[in-house]
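A short write-up of the structure that comes next.
The values are calculated or read from the model by the stated rules, or taken from the named source; none is laboratory data. Everything numeric in this text was worked out from a predicted model, so none of it was measured. Neighbour counts are summed over all protein chains in view; Cβ atoms, including those assigned to glycine, are modelled from backbone coordinates with ideal geometry. Please note that ligands, DNA and RNA were not included when accessible areas were found on the heavy atoms of the full protein model with its side chains. Shrake-Rupley method; radii C 1.70, N 1.55, O 1.52, S 1.80 Å.
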Amino acid sequence: MDTWHAHRRAFWTFFLPPTAWLVLFFLAPLALVWGFSFGEKRGLVEIAINGTLENYVRALDPLYLRIFGKSFWFAALTTLICLAVGFPVAVAITFAPPRWKPILLLLTILPFWTNLLIRTYALIAVLRTRGYVNFAAEWGWERADAALAWVGLGDLHLLGERFEPLAMLYNNTAVVFGLVYVHLPFMVLPLYAALDRLERSYLEASLDLGASQLRTFASVVVPLALPGIVSGVIITFIPALGSFLTPDLLGGTDSQMIANVIERQFKSANDWPFGAALSFLLMYVTFFALALRAAASRGRSAMEAA
Amino acid sequence: MSAAAGRRLAPGPLEYGRRAWMRLTLLATFVFLYAPIATLIAFSFNDSRRNIVWRGFTFKYYEKAWNNDSLIEAFVNSLTIAFVSTLASTVLGTLAAVALWRFRFPFKGPHEAAMALPIVIPEICMGVAMLAFFARIGWPTGLPWPLNLGAITIAHISFSFPFVAVVVRARLANFNRELDEAARDLGASEWQAFRDVLVPYMLPGLVAGALLAFTLSLDDFVITFFTSGPDTVTFPVKVYSMVRFSVTPEVNAASTVLIAITLLITGIALWLQGRSGARQLPGKG
């Protein structure tokens, strides 16, 4: 590797353009928002950055604390469901016949490359009251009703006067459902990566020595796959926590997450300093989670080195 | 043939992939992941306005989407932004990858971390930062097309080029740096060594990175949402406003076209990456 001052001209040619772009069009905007978060709204568009902590204090208001709490709860629940569903999927892919593996992996990754907005829209089309799930339910209801009439119970209206569509959208369940739908691949991939590295002879030894499948899973598979689990949990949790589109399109008035509040501050509510403070609080949580992940993977390499 | 070989044996203790409940979970998961998208695509060809009962095959919603001027305008905007953003991101990303690969310099760790920031920070944070930035510096609005797309394009370059840098650097990781040094020792200028030694080797990475940048730009909604104005609407932003309004077969048709384009580009990128043996990247959710 060359030292930079041995080839100054070449170094600056390669180094300067991307670095300048990053500073000018990424770090400067972030710094500006960071500054705004210590500022005060003076007019319609004017913001005075005067070092006030007012915006952060306001974020501690029970109203916003509740939204933070709810966002954490949604993200945690999503992560948990993804883990519960993703683990068997990752195990199944790991132990699938070799010629199936690439296909199964591709099927897992493919949704990543389908537009997030379109995937969310697809959920709306499926779950809304005039959607496909309700249509299927109505069809089933009509058949069941006809069957009841046929056996002579038609007058009792056991299934109700008429079909009531299920309200599956615009509530908290829909948001968590949508978040799981969007983030499941984030969980499966790191789990697969960890399980695929796992030494199979350990599992064989455990089973040969009389441990049950469940015991082997709990005392051998989980501890060995732990770095992958931690990685998957964090990789799923971070984007789920910062989700904007899913709660925006699938949620009701009561299912706002942090990102929706931030959007409102910057658009309709027009309170940029407060939105900036919320935005940075979300960013700090993200950094904290990333640091945890880095620490976990450092712990692993230290363990392997020992 | 013996009786044992004739019928299938019960799954062995480690053959989890052959256990019925495992297969069922796998199947259920893929149905969960694909059924909504498959229905969306299927019903874009459905000849019924209510969009629920199958009434026969039609292309009429594609025709309708094609004749929807604002939708086409948004689509042209998206493609224009994606082309310019891809070009710039590929150049910037490649320069960054080579700089980090070739040189030792002070504060390299923090530099690398800063370069990874656009990949890891929540999209909403980057979106509002771009909104605040362009408002504060008084970025001119109301410029003639395509200059009015400048702000969105700049934002797209900012989040795309670090991805390109990661892909190209993964490719460079396997490069024997002595080849580059040998070329320069034997009298090649910096530029000649770069053009004739590094670029040919990096090429699959460059193409894969460019295709990734293209799909990232074409697909982005959240960051664009904050940088777009009333007359700079991109395809996802347009679809968003249509989705908020109603669920129509026309939106299904438009979405299907976008899915097809993205999958085609991703397919090419994966194929190239598979051939070049570079590492794969998880997408940006």
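Would you mind telling me which residue in B:122, B:162, B:249 has the biggest mean-square fluctuation in a Gaussian network model of chain B, where springs connect alpha carbons within a distance under 10 angstrom?
Its mean-square fluctuation being the largest, the pick is B:122.
If you scale each eigenvalue of the Cα gyration tensor by 5 and take the root, what three semi-axes come out for the protein assembly as shown, rounded to whole angstrom and sorted largest first?
So the equivalent ellipsoid measures 41, 35, 26 Å along its semi-axes.
Take the alpha-carbon centre of the stretch B:118-178, take the same for the stretch A:1-75, and report the distance between them in whole Å.
Between the Cα centre of the stretch B:118-178 and that of the stretch A:1-75, the gap is 15 Å.
Hand me the trypsin sites (Lys or Arg not before Pro) from the stretch A:27-126 located in a DSSP loop with no more than 12 other Cβ atoms within 10 Å, in residue order please.
A:42, A:99
Would you kindly give the portion of the calculated P(r) for chain A that falls above 29 Å, as a percent of all Cα pairs?
It works out to 57 percent of all Cα pairs.
Given the pairs A:41/B:238; A:267/B:64; B:64/B:238, which span a C-alpha to C-alpha distance of over 22 angstrom in this model?
Cα-Cα > 22 Å for A:41/B:238; A:267/B:64; rest within.
Using only protein heavy atoms and a 1.4 angstrom probe, determine the accessible area buried between B and A, summed over both sides, in Å² to the nearest 100.
8300 Å²
With label points built 7 Å along Cα→Cβ from the Cα atoms of residue B:173 and residue A:222, find their separation and express it in nm.
3.1 nm
Please work out the ratio of the alpha-carbon Rg of the stretch B:109-167 to 2.2 N^0.38 Å and round it to two decimals.
That ratio works out to 1.28.
What are the DSSP H helices in chain A that stretch 30 Å or more along their long axis, judged by alpha-carbon atoms, and whose average Kyte-Doolittle hydropathy comes to at least 0.0?
Qualifying helices: A:62-94, A:172-197, A:272-305.
Could you list the trypsin sites (Lys or Arg not before Pro) in the stretch B:52-133 that lie in coil according to DSSP, counting only those with at most 16 other Cβ atoms within 10 Å of their Cβ? Let's see the in-between values first.
Numbers: sites: B:55, B:60, B:64, B:102, B:104, B:108; in loops: B:55.
Hits after loop and neighbour filter: B:55.
With the full set of protein chains in place, find how many percent of the accessible area of the stretch A:123-165 is carbon and sulfur; take the probe as 1.4 Å. Before the final figure, lay out each step's value.
Working: 1750 of 2820 Å².
Accessible surface attributable to carbon and sulfur in the stretch A:123-165 totals 62 percent.
Restricting attention to the alpha-carbon atoms of chain B, what are Rg (one decimal) and Dmax (integer), both in Å?
Calculated on Cα positions, Rg and Dmax stand at 24.0, 82 Å.
Which one, A:147, A:28, A:167, has the greatest fluctuation when you compute a Gaussian network model over chain A with C-alpha springs under 10 angstrom?
A:147
Based on DSSP H runs of at least 4 residues, each adding -39500 (n - 2.57), what is the mean residue ellipticity at 222 nm of chain B after dividing by all its residues, to the nearest 500 deg cm²/dmol?
On the way: 13 runs with 199 residues, N = 285.
Mean residue ellipticity, 222 nm, calculated: -23000 deg cm²/dmol.
Counting other C-beta atoms within 10 Å, and keeping those with at most 14, which DSSP coil GluC sites (Glu not before Pro) do you find in the stretch A:1-99?
The qualifying sites are A:46.
Among the lysines, which fall within straight-line cross-link reach of residue A:101, defined as a Cα-Cα distance under 26 Å, with same-chain neighbours fewer than 8 residues apart omitted?
B:284
Only four residue types carry charge here, +1 at the Cβ of Lys and Arg and -1 at the Cβ of Asp and Glu. Report the dipole size of the protein assembly as shown about the Cα centre in Debye, rounded to the nearest 20.
Result for the protein assembly as shown is approximately 900 debye, rounded to the nearest 20.
Suppose R0 equals 60 Å; then what is the FRET efficiency for residue A:53 and residue A:150 from their Cβ-Cβ distance, rounded to the nearest 0.05? List each step's numbers first, then the result.
Numbers: r = 71 Å, r/R0 = 1.19.
The pair residue A:53/residue A:150 has a calculated efficiency of 0.25.
Using alpha-carbon pairs under 8 Å, 6+ residues apart, how would you state the relative contact order of the stretch B:64-277 in percent?
Averaging sequence separation for qualifying contacts and normalising by length gives 35 percent for the stretch B:64-277.
Residues of the stretch A:245-306: accessible area per residue at 1.4 Å, in Å²?
42 Å²
Using a 1.4 Å probe, what is the accessible area per residue for chain B, in Å²?
Per residue, chain B has an accessible area of 46 Å².
Go through the stretch B:29-38 residue by residue and turn each phi into a ³J(HN,Hα) via Karplus (6.51, -1.76, 1.60, θ = phi - 60°); whole Hz please, and just put x for glycine and proline.
The phi angles translate into 5, 5, 4, 4, 6, 9, 4, x, 5, 4 Hz.
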